[in-house]
Amino acid sequence: MPPAIDSGLKLDDLALVKHLKNLESPFPPIIQNIYEEAHPILNNRIPTIFPKYTLHDIGHSLRIINYMNKLVNDPAMLTELEITLLICSALLHDIGMAVSEEDVNAIKDDKFSFCDVRFSSMKKLFNGDEVLSMQEYIRRIHGALSGRYIREKLKEKLVIPRSTNLDFANELALICESHTQDHDWIKTNLSVYEVRGDYHFNSQFVASILRLGDILDIDGNRTPYKLYQLIAPNGISDEEWKQHFVISNNDKIIFDERKRQKKIIFHGKVKNAKTHRKILSYMEWVKNELTNAIDLATGMQPMYNLIFDTNPEINIQTEGYTFSDHKMTLQFEAISSLLMGEKIYGNRSLGLRELIQNSIDACRIREENEQASYKYGEDRYIPKIKVILDKNKNQAIIEIATI
């Protein structure tokens, strides 16, 4: 396990925490308890499961809280509970990556009831590599696992001050879970106005700020070079570390005086085109996330406005090569004609037969998995394939029943 890295940040020095203390809010002791709960788990347990991943330690959480303060329009306009939810979500959103040995063993034995995916199936995707399969298995569901941890372990620590019969554990759990979901999930599962005791809060807004703060933490602070040398990651992990090295600025949110709005900006230098391409893809993700957050906030009360330029400023210098950001787009009809027409199969009916055969294979695999996990009393899976001929649209549709 790699050594813990001192982030240099302290919880009490963060602007959002100071703001609550200046208000003489009753929430800082709750935040301190959550910090003390999360700190050893993030720093010690996650590296055991993900030894070559970029850091998901307490430093990552504290940097997210710093970004949160800069992302919101005016923290003073938020309620004390909203600020507490922001801070606690930053501290706990990745805690689901720190699965227990009991859960690891259950996953390996295909007995992990929390997830429908079987570990044995995941291993097939990664050619039997148990370590890589375990990491990918947990990574895909770690948001939901974070939610489970909060509901099961922290409910008594997340009590509304002066209302000991009320807590905000489930709301915080949903916010943490949302960072691995899409924005439609946020709209469906989170509210723009809820009340607990003397406080109201906007869960959708908190979730959006968590997602933005999380993806903005990309620079050398998250990937110390000495730790990179010690870990010596390979494959995808190596690419993830290297793209963090590219970004040289820590403060990525500036105020554009001319446009009177905030802007996200990236500075850096890159030495090869592959990493450059990956960085641009990441920047596109940031742009989409920011656009979606702004769209989500549209129609909310003014304190939740995100006054940002939706196009991040990217100042990436190349070193030792030239780079051109050419892109290719595909015409659906042309590709469909190529793949389904007579050029490949000689006859269109043979292409249709291939689609039906693929559907049959998919149903057989689904039926095998369903039978392996069947429990007495459950409805059995019945394979069903529909062939739909739509004369109006001149389409043939092959559809597999999902239940």
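The values are calculated or read from the model by the stated rules, or taken from the named source; none is laboratory data. Computed from a prediction, not measured in an experiment: that's the story for all the values here. Ideal geometry is used to build each Cβ from the backbone, glycine not excepted, and the neighbour counts take in all protein chains shown. Side chains included, ligands, DNA and RNA excluded: accessible areas come from the protein's heavy atoms. Shrake-Rupley method; radii C 1.70, N 1.55, O 1.52, S 1.80 Å.
Scan region 270-284 and report the pairs whose first residue is closer than 15 Å to residue 317 by Cβ and whose second residue is part of a helix (DSSP H, G or I) and of a type in the set (D, E, K, R), with Cβ atoms within less than 6 Å and a gap of 6+ or a chain change. Listed pairs, sorted by first residue: 275/242. Selection over region 182-203 of residues that are in contact with a strand residue (DSSP E or B) (Cβ under 7 Å, 6 or more places away or on another chain) and either outside any strand (DSSP E or B) or open to solvent by 70 Å² or more (accessible area, probe 1.4 Å) (or both) gives a count of 3.
Sub-7 Å Cβ pairs linking a first residue in region 130-142 that is over 18 Å from residue 92 (Cβ atoms) and of a type outside the set (Ser, Thr, Tyr) to a second residue that is open to solvent by 20 Å² or more (accessible area, probe 1.4 Å) and outside any helix (DSSP H, G or I), at least 6 apart or interchain, are 132/126; 136/126, ordered by first then second residue. Number of residues in region 90-120 that are in a helix (DSSP H, G or I), touching a helix residue (DSSP H, G or I) at 6+ places or on another chain (Cβ under 7 Å) and either under 19 Å from residue 371 (Cα atoms) or basic (Lys, Arg) (or both) equals 3. From the list 355, 389, the lone residue that is open to solvent by less than 80 Å² (accessible area, probe 1.4 Å) and modelled with pLDDT of 80 or more is 355.
Being under 30 Å from residue 254 (Cβ atoms) and buried (at least 21 other Cβ atoms within 10 Å of the Cβ) holds for only one residue in 138, 58, 107, and it is 58.
Okay, residues lined up against (1) within 31 Å of the chain's Cα centre (by Cα); (2) within 30 Å of residue 274 (Cβ to Cβ); (3) modelled with pLDDT under 75:
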{"residue": "325", "(1), (2), (3)": "yes, yes, yes"}
{"residue": "331", "(1), (2), (3)": "yes, yes, yes"}
{"residue": "360", "(1), (2), (3)": "no, no, no"}
{"residue": "365", "(1), (2), (3)": "yes, no, no"}
{"residue": "378", "(1), (2), (3)": "no, no, yes"}
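For (1) part of a loop (DSSP other than H, G, I, E, B); (2) touching a helix residue (DSSP H, G or I) at 6+ places or on another chain (Cβ under 8 Å); (3) of a type in the set (Ser, Thr, Tyr), each residue gets a yes or a no:
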| position | (1), (2), (3) |
| --- | --- |
| 131 | no, no, no |
| 134 | no, yes, no |
| 142 | no, yes, no |
| 150 | no, yes, no |
| 164 | no, no, yes |
| 171 | no, yes, no |
| 177 | no, yes, no |
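Picking from residues in region 61-89 that are among the hydroxyl-bearing types (Ser, Thr, Tyr) and part of a helix (DSSP H, G or I), the one that is surrounded by the most Cβ atoms within 10 Å (Cβ to Cβ) is 89.
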